[in-house]
Amino acid sequence: MKVFLIGFMGCGKSTKAKQLATRLGCPVIDLDAVIVAQEGKTIAEYFEAYGEDSFRELESKTLKTYPYPATCVVATGGGLPCFFDNMEWMNENGKTVYLQMTPPQLVSRLHNREKRPLLKGMDDEKLLAFIEMKLADRNPFYNKAQIVINAFDLDAETLEERLKAN
Ligand code: S3P
């Protein structure tokens, strides 16, 4: 089983992916980290050098061509489900889990904004307005996930139980 964790920046995809993979005894794959290793650039540097459109193409290609082991947990970038047919591809190739949080919860968790090119230089007030707007756009994609779970204070055991129940 391949598990794809999706959701907005700051919802805890990378951390939850590591914890869940430990529980399942399987590898964890962080697609942003795969791109960073492959390109030799941070995501912010990649955006700066080639722009967002090029990043979205590369992100989609990486999602669809990565040599996944049969069982693994995959952390995806926050925008990935919302471009091309990425969401459909994940639903066909694994189990998708939307780690849902409210905009104020996300603001409280997004401290390191400089490494995220879309959030650079935003104060709390601007960030809250930005998240509310972006989430309205992105929720129709995120909600195509097979499992939608409240991710605030979510522990890996509860996440594993939900996966096994579905
Ligand atoms: C993005 C989220 C980031 C990264 C890029 C764009 C987005 O991943 O892929 O900065 O559009 O929401 P995280 O969700 O892991 O921060």
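Here are a few things to note about the model shown:
- Residue list for region 1-17, restricted to those being more than 18 Å from R109 (Cα to Cα) and at pLDDT 95 or above: K2, V3, F4
- Residue check for D137: under 21 Å from Q19 (Cβ atoms) and either assigned to a strand (DSSP E or B) or open to solvent by 50 Å² or more (accessible area, probe 1.4 Å) (or both): no
- Evaluation of F83 against (1) free of Cβ contacts under 8 Å to residues at least 60 places away in the same chain; (2) within 23 Å of A21 (Cβ to Cβ); (3) under 15 Å from the mean Cα position of the chain (by Cα) (one fails), failing number: (2)
- Residue pairs whose Cβ atoms lie under 8 Å apart, separated by 6 or more positions or on different chains, with the first residue in region 142-161 and assigned to a strand (DSSP E or B) and open to solvent by 20 Å² or more (accessible area, probe 1.4 Å) and the second among the hydroxyl-bearing types (S, T, Y) and at pLDDT 95 or above, are V148/Y98; V148/Y142.
- Region 4-30: number of residues that are among the hydrophobic types (A, V, I, L, M, F, W, C) and farther than 16 Å from L99 by Cα: 4
- Members of region 145-166 found to be among the basic types (K, R) and under 13 Å from Q100 (Cβ atoms), listed by number: R162
- Inside region 5-14, residues that are more than 8 Å from the ligand (Cβ to nearest atom) and not in a loop (DSSP other than H, G, I, E, B) make up a count of 2.
- Listed by first and then second residue, the pairs linking a residue in region 130-141 that is more than 13 Å from the ligand (Cβ to nearest atom) to a residue that is assigned to a helix (DSSP H, G or I), with Cβ atoms under 9 Å apart and 6 or more places separating them unless they lie on different chains, are E132/P103; P140/C82.
The values are calculated or read from the model by the stated rules, or taken from the named source; none is laboratory data. Everything numeric here is computed off the predicted structure, so don't read it as measured data. Reconstructed Cβ throughout: ideal geometry from the backbone, glycine too, with neighbour counts over all protein chains shown. Ligands, DNA and RNA are excluded from the accessible area calculation, which covers all protein heavy atoms including side chains. Shrake-Rupley method; radii C 1.70, N 1.55, O 1.52, S 1.80 Å.
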